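Notes to accompany the following structure.
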There are 2 protein chains.
Amino acid sequence: MKLYDYPGAPNPRRVKIFAAEKDIQLQLVMCDMRQRAHKTDEFLQKNPSGKIPVLELDDGRCIPESVAICRYLESIEPEPNLFGRDAFEQASIEARNRHIEHEFWREVGISWVHGPIVAQLGLVKTIPEAKAASDKNVANYYRRLDQELSQSAFIAGARFTIADITLLTGVDFASTLVGIPPDPSHSNLARWRAEVSDRPSVKSADALVPT
Amino acid sequence: MKLYDYPGAPNPRRVKIFAAEKDIQLQLVMCDMRQRAHKTDEFLQKNPSGKIPVLELDDGRCIPESVAICRYLESIEPEPNLFGRDAFEQASIEARNRHIEHEFWREVGISWVHGPIVAQLGLVKTIPEAKAASDKNVANYYRRLDQELSQSAFIAGARFTIADITLLTGVDFASTLVGIPPDPSHSNLARWRAEVSDRPSVKSADALVPT
């Protein structure tokens, strides 16, 4: 299976860590976003939304979108389980994962779109006021995460799940390219982040390079 | 099972339509958002994010978040299938559902947050420039949907799925409370919307009132 990827892009990184947890080998294919390779007619056939990651199966069928790809990988390789086992656990992990996306990633995304790197590209009109509001929401959410991680080892409870991958890739993206890292005083969040970053899956995924 | 609901709120509506498709009866409980009932300590025990819908099981356990609740309902009542059958179909429907959320609902949400009704409430500082940008993105997305619905009966292919519920509730919310309806010239989108709105599940869900 091929995974269309670009170095540093946070959403393909989610899939790479997920696949590494399950020891699934993916052939990484470079989709050069600087050259707008994700907006070519050929790529839009694979994903009409013009985004990465895309998983291309050996028969040529494509699955776009990071969580959809992870769900496919969970179906074909159920262990270790990362989406939950029974109906209630599956729903609880999904709720957690989606809340992190809606309440954290969404705000990080707004700060990114209205931040200096995107402004330099000149593709959209940036609104500094929108970035300021989202920066504040992100800071508030870090505080909430820190409190929650004082109560549990992982973000959706006692074991590592897809929600931890979603959060780690979001916090790392926010901290680096978006320039809004957690406050160092959030020691529970820092403890969780160090532990999760130290997992073999994260280290091996981050060492992979698309060709 | 109880579902915490508020009249006109689009996310509980998603769950009500989904449950009606499966003929699952839910006891609707009024969560009076005008009175900030979703932000009380008691409600935050059910959902720390302070949002509706929340599904409360008969044993008192709670599941927040509309799609997580729908997935739980699909687990306990698999037919009619709304999330996909095999691994590839499940991933494809999930990708479609999430793209509609990320590319359409997200923009509608920004237009709502920075629109006149929220401004009147005075809870957040509205940014008219952010609303203008999202209004434009929504108009562009309607054009794409219209083109796609010229090719297929439903939004994720040949049959009705959760992605149609996500899209219908988003288009209806955008058209009414947010004030950004589709252009009447989008005849394929209008055809799809009329057909989906006419389903018994939608009619019966919309007739339910929380008490």
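Since every read-out is calculated from the coordinates, none of them should be taken as a lab result. This structure is a prediction, so every number in the text was calculated from the model and none was measured. For neighbour counting, all protein chains shown are included, and Cβ atoms are generated from backbone atoms with ideal geometry for every residue, glycine included.
Descriptive notes on the structure:
- Inter-copy spacing of residue B:203 label points, which lie 7 Å from Cα along Cα→Cβ, given in nm from shortest upward: 6.2
- Per-copy distances of the residue B:23 label point, shortest first, in nm (7 angstrom along Cα→Cβ): 4.6
- Fewest-first sequence of A:22, B:136 by Cβ atoms within 10 Å of each Cβ: B:136, A:22
- Shielding by other protein chains, A:58-68, mean Cβ within 10 Å: 4
- Chain A's nearest residue to the axis relating it to B, judged by Cβ and reported with the distance in whole Å, is A:130, 2.
- Peptide A:89-100 is shielded by partner chain Cβ atoms: per residue, an average of 6 of them sit within 10 Å of its Cβ.
- Other copies of residue B:59: label-to-label distances in nm, shortest first, labels 7 Å along the beta-carbon direction: 3.9
- Calculated over the protein assembly as shown: convex hull of Cα atoms, volume per residue (Å³): 145 Å³
- Long-range Cα-Cα pairs in chain A (distance over 28 Å), rounded percent: 29 percent
- For the range A:1-66 versus the range A:104-154, the gap between their alpha-carbon centres in whole angstrom: 24 Å
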